[in-house]
Every structure is written in structure tokens, then in C-alpha cells.
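Q: Quick one: the structure is below, questions incoming.
Just so it is clear, none of the values below were taken in a lab; they were calculated from the coordinates. Since this is a predicted model, take the numbers as computed values, not measurements. Note that each Cβ is placed from the backbone with ideal geometry, even for glycine, and that neighbours are counted across all protein chains shown.
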Amino acid sequence: MACGGNNAIAVLHPAGKTWKVEGAVPTAWFPSALALDGEGALRVLNIKGVGNTANNRGTFNSRQYEGSLERIPAVTPIQVAAGTREVKAANSPVYEPAGGVANLSSLGIQHVFLIIKENRTYDQVLGDIGKGNSDPKLCMYGRDVTPNHHALAEKYVVLDNFYTGGAISFDGHQWLMQAFVSDYVERAFAASPRGYAYNMADSMVVAPTGFFWQGGTRPLGVRLYGEIQLGARWNPDTQSAADINENQELTWSQYWQAYKENRWQRMVGSRAAVPALQPYSSRRYPNSTLSIPDQIRAEEFLREFAEREKSGDFPNLSLISLNQDHTNGTRPGSPTPKAMVADDDLALGRIVEAISKSRIWSKSLILVTEDDAQDGVDHVDGHRTLALAIGPLIRRNAVDSNNYNHTSLIRTIQEIFRIPPRTRFVKAARPMTSIFTAQANPEPYECLTPRQAIDEMNPPLRALSGRRLWAARESLAMNFKDIDDAPQDTLNRVLWWDAKGYDTPFPRRK
């Protein structure tokens, strides 16, 4: 029997009319199909093989996974016993303490803001930061484009050894929302035959273990801003959000013009993709479409946050989607990639500044990461991504190279709120204790304005030639309505050449 989540094959022995589990033997990453050959050996098909992220050309990207087919000779009882010990050890990792504050619940943090962005590697954004394990040659959206990301990393802690849980949005959002993924997601994420439900609109992608904030020892107030939500439009007259489909979305320019004229409020909104989460979902916050600027998202969050500042009614956990750093490539009619990343940066800075100047700042923690790292390269690994930790109880001016990942981040939130882990993945995860300090520093944050204009538009086809024309045509052919539907390898090159120059060779590992 294939045990995909354990990277093992369970060995069964007949016991009367039933079967008894004798033990297990290890396999590669996520076995999914089994067969016996003519010699009695077991043939195992593994979906992700050995997890290699470096392709033959040497580029490091999260989608350079590879499956494998392995042959396991008929096992003896001694081999089953040894294999069982190996499988058990592999699935129960023991980490050395990371240092810092061991008892996170003792810090008194009552409000956690988890901001989830789209598709950047560590090197793409912080490769030029000048500290930690960074490669400036791979930096595409440096300080001029992302001044707030740089300032927040430098003010608090540079996390240069942080990795995504998934490879693409289809599994990345599930790891962040559940600290686990369903069997269907693992088997289907490369093709998603039922539709690309990164927003969990398909019940098959919701794991039976539920969401990571469930099952706490005390009631927890949760608020969703864009995450796990579908498109809608807010109607102030009826105080409700009406469903829309993607064909009813306006263009980026139309939303941007409405934002500048302060008439965007009736044009955006959302509803819960999982009906049971509707009571926790903002109906006025935009869903995760690339057509709506992140400034509108920031504006709506800050509007509601100001109301809560007056009433004192703040949720314990806020999940906030900012997705413009995904970009639309060099698609004519859309902002340039650098403009969209700068839009995302400015929205982040505005949100952090508001929280840092609020009545709850002393008891707050802001965590920022990407859902995946697929649209770019990184000199360490295709899954290495951006992570920021911000708050009065976060260390200052530090570089933390402890190995952390999405599941570590979720385990950290669970430790703060005393939420028992529901899966062995999050139970085995290493809490990010080393980023904290017991000596609070309540200094607020001042938002920085990117030098890069956030409304710079891609030129029309008639103004282009050569590789620039090719890039624009390829971007026009991509479906940006569904996040990540664009061909990743092509988009990577479009973004690289747009950022580094069309004569700059795409990076290859020597």
C-alpha cells in the first residue's frame, strides 16, 4: 500500500480474513502507484522523485521537479524491520533548538497579521541587500522597486534560509492555510484536472484536517482579506457583495482610474470560496485578481482597520492577500513588472505603518511571505523565498540563517495562540523561536515610497521589435485570469529580460 505522505510503502500480511501491517519500506518522494513485476519485485511510481530543483541547464526554480520509477526487490522480514525504523525516523525529525524565545505564548502577542504575496524568490527581491546569503546578480526588483521590503528586512531580521512548502500556488496556498495538503492536491497539482483551485473553491483541495487556526484551546478571532475568496462587487446600498465572474472584471487601468478618483468602493469585493468561512471573510476586500492594484487592497484594509481602531475590536489572526508582485509579464495594457512589484511594496509599507502606529502594536506580530517561488531563479534553491517578521518583539538588525519554511511559520503562529498541531508535518516543524526577543522595541515604521512609478505601463506592440516584441506577444497569449496558468518557463525569461536587459543571458548554473 502506497503511503504518499510518509514516502513509504506499507507492508501488509494476511491475517485470516483481514490484513495486518507488518511494517514499511522507504521510497522516494510521494509514491502513488504500485505494481509487481514477473520476478516478484515491487515497481513504485513516485510523483516527485528525489525533489531535484536544478534542471540540466542549471537554473534553480521550484517547478523543476521530477518523478521517478524505482524497483524494490521482494523484501525479507529483516528488511521490513530495518525499513520500518528508517521510515519512522525520516517522518519524525528532531531539530536542534533554534534559540531565542522558547515559549512563544509567554510573549503576550494577541494579534498576528499574515500577509501572503505571489511568486518571488529570495534573490529576486533581496539579492542586493548586502548581507546574508544573497546573490546580487540575480536581483531583479531591488531597493528602488522594493524599498519597504529592504527596510523591513534590515530593521528587523533577514531570513536568508526560508523556503516554501509548495511549488506553485495550487499547493502553496494550501500549505499556508492548512499546514498540509489533500491527497488530490499532491496527485493533481501539475495538471489540476478539476480546475486550478488555489483559492480552495474545490472541496477536493481542502484537507480533512481543516485550517491551521482551528482547534485552539481558546476562541480565536479570524479575518480573511482576499485569501480563500472569490470575486464579487460590494454594494453599499444593500451592504452585500454580489457574485461576478472573471469576464465581468474591469481592466487594470479602469480600476486604477477609479482608485485615483476615490470611486473604487462599488467596483471590488469578494466572497468566501469555502462557504463555512463566509462569517470570517471581508466582503469589501478584493479577491486575488491581477487586474486590481494592491493600492486598492491596502486602502480597503486601512479603512476597516481605522474602524477597528475606534472600536477596539481587532481579530487575533488576519490573513491578507497582496498579489501584484506576480505581475502580468510585459503584456500591453498592463503595468510593467517593476511597476506591479513596486505597487505591492508600497501597499505592504502602508499596511505595516498603520499597524505600527495603532493601539495594538505592542501586542502585534506581522509575518510576510510568498505563496510560492516559481516565477524566478535563486542561487540556493528553487523553493527559497522571501519572509519578513515585523513587530516590537522581533530582533533588530539581525541575520537569521536558521532553516525555516512555510510550515515553520504556521507552527510559530500556533505556538503563539496555543493551537495544537493537527498533522505530523506541522507537529514536526521547527518553530521560528530565534526571530523573537523578550525586550520589546515599540518604535513604529515609516512607509517608504518606491522610486519606481507604480503606474508605468508596458508599451504597445507597435512600439516594439526583436525580443521585446516576442516577450509582449508571449505575455498577451498568457492567461493571467487564473494565477499561475501562464507558462512558467517562458514567463521567467520575460521577467528576467525585462528587469536585466534583453541582451543579458538568462542565468545558468556553471
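Q: Along the principal axes of its C-alpha atoms, what lengths does the chain span, in descending order and rounded to whole Å?
A: 75, 58, 49
Q: Give the cross-link partners of Lys338 among the lysines, using a straight C-alpha distance below 30 Å as the criterion and excluding same-chain residues fewer than 8 apart.
A: Lys117, Lys131, Lys137, Lys155, Lys260, Lys357, Lys481, Lys500, Lys510
Q: So which lysines pass the test for Lys88, namely a Cα distance under 19 Å, with those fewer than 8 places away in the same chain ruled out?
A: Within reach: Lys20, Lys427.
Q: Please identify the trypsin sites (Lys or Arg not before Pro) of segment 77-135 that satisfy two criteria: DSSP loop assignment and at most 16 other Cβ atoms within 10 Å. Which are they?
A: Lys131
Q: Can you give the net charge of the other residues whose Cβ lies under 15 Å from the Cβ of Asn397, counting K and R as +1 and D and E as -1?
A: Neighbour charge sum, excluding Asn397 itself: 0.
Q: Compute the projected area of the convex hull of the Cα atoms of segment 161-249, averaged over all viewing directions, and report it in nm² to one decimal place.
A: 8.7
Q: Here's another thing I want to ask about it. Over the Cα atoms of segment 349-396, how large are the radius of gyration and the largest Cα-Cα distance (Dmax), in Å?
A: Every Cα atom of segment 349-396 included, Rg and Dmax give 14.1, 41 Å.
Q: Could I ask something else about it? Using θ = phi - 60° and the Karplus relation 6.51 cos²θ - 1.76 cosθ + 1.60, list the HN-Hα couplings for segment 481-493 in order, rounded to whole Hz, with x at every Gly or Pro.
A: Once θ is set to phi - 60°, the couplings for segment 481-493 become 5, 9, 4, 6, 6, 5, x, 4, 5, 5, 4, 4, 5 Hz.
Q: Mind pulling up the Rg/Rh value for segment 278-380? Radius of gyration and Kirkwood radius, both on Cα.
A: Radius of gyration over Kirkwood radius for segment 278-380 works out to 1.00.
Q: Using DSSP, restrict attention to beta bridges with both residues in the chain and report what percent are antiparallel, rounded to the nearest 5.
A: 60
Q: Sorting Ile366, Ile360, Ile109 on the 10 Å Cβ count, fewest up front, what's the list?
A: In order of increasing Cβ crowding within 10 Å: Ile360, Ile109, Ile366.
Q: Let me check the size of segment 187-231 from its C-alpha atoms; what are the radius of gyration and Dmax in Å?
A: Considering segment 187-231 through its Cα atoms, Rg and Dmax are 13.2, 39 Å.
Q: Once amide H atoms are built 1.01 Å from N in the peptide plane, which residues 5 or more positions from Glu456, or in another chain, come under 5 Å H to H?
A: Thr336
Q: Still on this model: Using amide H atoms built in the peptide plane, which far-off residues or other-chain residues are under 5 Å from Gly49 H to H?
A: Correct list: Trp29, Ser68.
Q: Continuing with this model, one more query. With Cβ to Cβ distances under 9 Å as the rule, what net charge do the other residues near Asp37 carry (K, R +1; D, E -1)?
A: +1
Q: Here is a follow-up. Using only Cα atoms, find the angle between the long axis of helix 466-477 and the longest principal axis of the chain, and express it within 0 to 90 degrees, rounded to the nearest 10.
A: The two axes meet at around 80 degrees.
Q: Same structure, new question: From the backbone phi of segment 223-239, what are the Karplus-calculated ³J(HN,Hα) couplings (6.51 cos²θ - 1.76 cosθ + 1.60, θ = phi - 60°) in whole Hz, Gly and Pro given as x?
A: Those phi angles translate into 9, 9, 10, x, 6, 6, 9, 10, x, 7, 10, 6, 10, x, 5, 9, 6 Hz.
Q: Find how many whole Å separate the alpha carbon centroid of segment 407-471 from the alpha carbon centroid of segment 145-193.
A: First find each Cα centre; the distance between them is then 9 Å.
Q: Convert each backbone phi in segment 376-393 into a coupling constant with the Karplus relation 6.51 cos²θ - 1.76 cosθ + 1.60 (shift: θ = phi - 60°), then list the ³J(HN,Hα) values in order as whole Hz, x for Gly and Pro.
A: Karplus-based 3J(HN,Hα) across segment 376-393 equals x, 10, 9, 6, 9, 6, x, 9, 6, 9, 7, 8, 10, 10, 9, x, x, 9 Hz.
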